[in-house]
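The values are calculated or read from the model by the stated rules, or taken from the named source; none is laboratory data. Every value quoted in this text rests on a predicted model; they were computed, and no experiment measured them. We place every Cβ from the backbone using ideal geometry, glycine too, and count neighbours over all the protein chains shown. Protein only, heavy atoms only, side chains kept; ligands, DNA and RNA dropped before computing areas. Shrake-Rupley method; radii C 1.70, N 1.55, O 1.52, S 1.80 Å.
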Amino acid sequence: MLCYLGLGGNLGQPLSLFDAVVAHFAQHPMASAVKESRRFKSAPVDATGPDYVNSVLALQWSGSPETLLEECMAVEARLGRVRTTRNAPRPIDVDVLLCGNAVQNTPSLTLPHPRMHQRRFVLQPLLDLAPDLNIPGHGKVRDLLQATLDQQVNPI
(Lines give C-alpha, C1' and ligand atoms only; values in the text may rest on other atoms or scores of the structure.)
Protein backbone atom coordinates (compact mmCIF):
# COMPACT_ATOMS: atom_id res chain seq x y z
CA MET A 1 0.00 0.00 0.00
CA LEU A 2 1.13 3.55 -0.67
CA CYS A 3 2.09 5.24 2.61
CA TYR A 4 3.32 8.69 3.51
CA LEU A 5 5.66 9.49 6.40
CA GLY A 6 6.27 12.92 7.87
CA LEU A 7 9.88 13.71 8.78
CA GLY A 8 10.74 16.52 11.15
CA GLY A 9 13.51 17.65 13.45
CA ASN A 10 14.91 20.78 15.05
CA LEU A 11 17.94 19.67 17.08
CA GLY A 12 21.41 18.70 15.94
CA GLN A 13 21.75 17.80 12.26
CA PRO A 14 18.24 16.96 11.03
CA LEU A 15 19.27 16.98 7.36
CA SER A 16 21.75 14.15 7.87
CA LEU A 17 19.17 12.27 9.95
CA PHE A 18 16.64 12.65 7.12
CA ASP A 19 19.24 11.13 4.77
CA ALA A 20 19.59 8.22 7.19
CA VAL A 21 15.80 7.68 7.34
CA VAL A 22 15.52 7.73 3.54
CA ALA A 23 18.42 5.26 3.25
CA HIS A 24 16.87 3.02 5.92
CA PHE A 25 13.55 2.70 4.12
CA ALA A 26 15.21 2.45 0.67
CA GLN A 27 16.96 -0.70 1.94
CA HIS A 28 14.07 -2.11 3.98
CA PRO A 29 12.66 -5.40 2.62
CA MET A 30 9.04 -4.30 3.21
CA ALA A 31 9.49 -0.92 1.45
CA SER A 32 9.88 0.02 -2.19
CA ALA A 33 9.54 3.07 -4.45
CA VAL A 34 10.84 5.36 -1.70
CA LYS A 35 10.69 9.01 -2.71
CA GLU A 36 11.25 12.14 -0.60
CA SER A 37 9.73 15.58 -1.14
CA ARG A 38 11.75 18.75 -1.07
CA ARG A 39 12.81 19.78 2.41
CA PHE A 40 11.33 22.79 4.13
CA LYS A 41 12.05 24.96 7.13
CA SER A 42 9.18 25.95 9.42
CA ALA A 43 8.61 27.68 12.73
CA PRO A 44 7.53 25.42 15.60
CA VAL A 45 3.76 24.86 15.87
CA ASP A 46 2.47 24.11 19.38
CA ALA A 47 6.13 23.59 20.30
CA THR A 48 9.27 25.42 21.35
CA GLY A 49 12.86 25.53 20.21
CA PRO A 50 14.56 26.37 16.94
CA ASP A 51 12.92 26.15 13.52
CA TYR A 52 12.11 22.69 12.20
CA VAL A 53 13.17 20.97 9.03
CA ASN A 54 10.34 18.95 7.45
CA SER A 55 9.74 16.67 4.49
CA VAL A 56 7.47 13.82 3.48
CA LEU A 57 8.48 10.36 2.36
CA ALA A 58 6.27 8.30 0.03
CA LEU A 59 6.78 4.55 -0.10
CA GLN A 60 5.07 1.33 -1.00
CA TRP A 61 4.78 -0.72 2.20
CA SER A 62 4.02 -4.44 2.19
CA GLY A 63 3.28 -4.73 5.92
CA SER A 64 0.56 -3.39 8.17
CA PRO A 65 0.29 0.24 9.27
CA GLU A 66 1.20 -0.88 12.81
CA THR A 67 4.37 -2.56 11.53
CA LEU A 68 5.28 0.65 9.72
CA LEU A 69 4.74 2.64 12.92
CA GLU A 70 7.00 0.23 14.83
CA GLU A 71 9.67 0.63 12.14
CA CYS A 72 9.41 4.44 12.33
CA MET A 73 9.82 4.39 16.11
CA ALA A 74 12.77 1.99 15.86
CA VAL A 75 14.62 4.15 13.33
CA GLU A 76 13.93 7.26 15.45
CA ALA A 77 15.44 5.54 18.51
CA ARG A 78 18.45 4.30 16.51
CA LEU A 79 19.06 7.90 15.35
CA GLY A 80 18.96 9.33 18.88
CA ARG A 81 15.33 10.25 19.49
CA VAL A 82 14.45 10.18 23.17
CA ARG A 83 10.78 10.76 23.91
CA THR A 84 10.22 13.26 26.71
CA THR A 85 7.24 15.61 26.71
CA ARG A 86 4.75 16.01 23.87
CA ASN A 87 6.00 18.37 21.12
CA ALA A 88 9.43 18.72 22.76
CA PRO A 89 12.33 19.73 20.50
CA ARG A 90 13.89 16.65 18.90
CA PRO A 91 16.57 15.60 16.44
CA ILE A 92 14.20 13.40 14.40
CA ASP A 93 10.52 12.59 14.21
CA VAL A 94 9.09 10.04 11.77
CA ASP A 95 5.29 10.01 11.72
CA VAL A 96 2.97 7.74 9.79
CA LEU A 97 0.68 10.19 8.00
CA LEU A 98 -1.32 7.97 5.66
CA CYS A 99 -1.48 4.32 4.67
CA GLY A 100 -3.57 3.99 1.55
CA ASN A 101 -7.10 5.09 2.38
CA ALA A 102 -6.99 3.57 5.86
CA VAL A 103 -9.00 5.33 8.53
CA GLN A 104 -8.39 4.06 12.05
CA ASN A 105 -8.14 5.27 15.61
CA THR A 106 -6.43 2.85 17.97
CA PRO A 107 -4.39 3.54 21.11
CA SER A 108 -1.19 3.22 19.08
CA LEU A 109 -2.08 4.71 15.69
CA THR A 110 -4.54 7.21 14.23
CA LEU A 111 -4.90 7.43 10.44
CA PRO A 112 -4.92 9.86 8.83
CA HIS A 113 -2.48 11.47 11.24
CA PRO A 114 -4.35 13.96 13.44
CA ARG A 115 -4.01 17.61 12.45
CA MET A 116 -1.96 16.84 9.31
CA HIS A 117 -4.66 18.57 7.28
CA GLN A 118 -4.07 21.76 9.32
CA ARG A 119 -0.28 21.85 9.11
CA ARG A 120 1.40 23.52 6.18
CA PHE A 121 4.71 21.84 7.10
CA VAL A 122 2.97 18.54 6.16
CA LEU A 123 0.77 19.72 3.30
CA GLN A 124 3.49 21.63 1.39
CA PRO A 125 5.81 18.60 1.05
CA LEU A 126 2.79 16.36 0.30
CA LEU A 127 1.91 18.74 -2.53
CA ASP A 128 5.36 18.04 -4.03
CA LEU A 129 4.73 14.30 -4.08
CA ALA A 130 1.01 14.00 -4.73
CA PRO A 131 -0.89 17.25 -5.43
CA ASP A 132 -4.15 15.37 -6.09
CA LEU A 133 -3.87 13.21 -2.98
CA ASN A 134 -7.06 13.01 -0.96
CA ILE A 135 -6.75 12.88 2.82
CA PRO A 136 -9.65 10.67 3.92
CA GLY A 137 -12.30 12.71 5.69
CA HIS A 138 -10.63 16.04 4.88
CA GLY A 139 -10.19 16.54 1.14
CA LYS A 140 -7.45 17.14 -1.40
CA VAL A 141 -4.03 18.36 -0.32
CA ARG A 142 -4.06 21.26 -2.80
CA ASP A 143 -7.39 22.50 -1.40
CA LEU A 144 -6.41 22.07 2.25
CA LEU A 145 -3.16 23.98 1.70
CA GLN A 146 -5.07 27.20 1.04
CA ALA A 147 -6.23 27.41 4.68
CA THR A 148 -2.62 27.14 5.95
CA LEU A 149 -0.92 29.82 3.88
CA ASP A 150 -0.50 32.00 6.98
CA GLN A 151 1.97 29.41 8.36
CA GLN A 152 5.58 30.19 7.44
CA VAL A 153 7.11 27.30 5.47
CA ASN A 154 10.09 27.82 3.15
CA PRO A 155 12.02 25.43 0.90
CA ILE A 156 15.59 24.81 1.94
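Quick one: compute the contact order of the range 27-95, relative version, from alpha carbon pairs under 8 angstrom and 6+ residues apart, as a percent. Don't skip to the end; give the middle numbers.
On the way: 74 pairs, mean separation 20.8, N = 69.
That works out to 30 percent.
Counting alpha carbon pairs within less than 8 Å and at least 6 residues apart, what relative contact order, in whole percent, applies to the chain?
Worked out over the chain, it gives 29 percent.
Among Ala31, Leu57, Asn101, which residue has its Cα furthest toward the positive end of the charge dipole of the chain, with +1 on Lys/Arg Cβ and -1 on Asp/Glu Cβ?
The residue sitting most towards the positive pole is Leu57.
Using only the heavy atoms of the protein chains and a 1.4 Å probe, how would Glu76, Glu70 rank by accessible area, largest first?
Greatest to least solvent exposure: Glu70, Glu76.
Heavy atoms only, probe 1.4 Å: what % of the accessible area of the range 1-143 goes to carbon and sulfur, would you let me know?
Carbon and sulfur: 53 percent of the exposed surface of the range 1-143.
Taking only protein heavy atoms into account and a 1.4 Å probe, give the accessible area per residue of the chain in Å².
Values: 7580 Å² over 156 residues.
Heavy-atom accessible area per residue stands at 49 Å².
With the chain treated as a Gaussian network of Cα nodes joined by springs under 10 Å, which of Val103, Val53, Val75 yields the largest mean-square fluctuation?
Largest GNM mean-square fluctuation: Val103.
Expressed as cubic angstrom per residue, what is the convex hull volume of the alpha carbon set of the range 90-144? Don't jump to the answer; show the numbers that get you there.
Working: hull volume 5.1 nm³, N = 55.
Normalising the Cα hull of the range 90-144 by residue number yields 92 Å³.
Among Val45, Val94, Val34, which one shows the biggest mean-square fluctuation in a GNM of the chain, springs joining Cα atoms closer than 10 Å?
Val45
Can you give the convex hull volume of the alpha carbon atoms of the range 31-102 per residue, in Å³?
114
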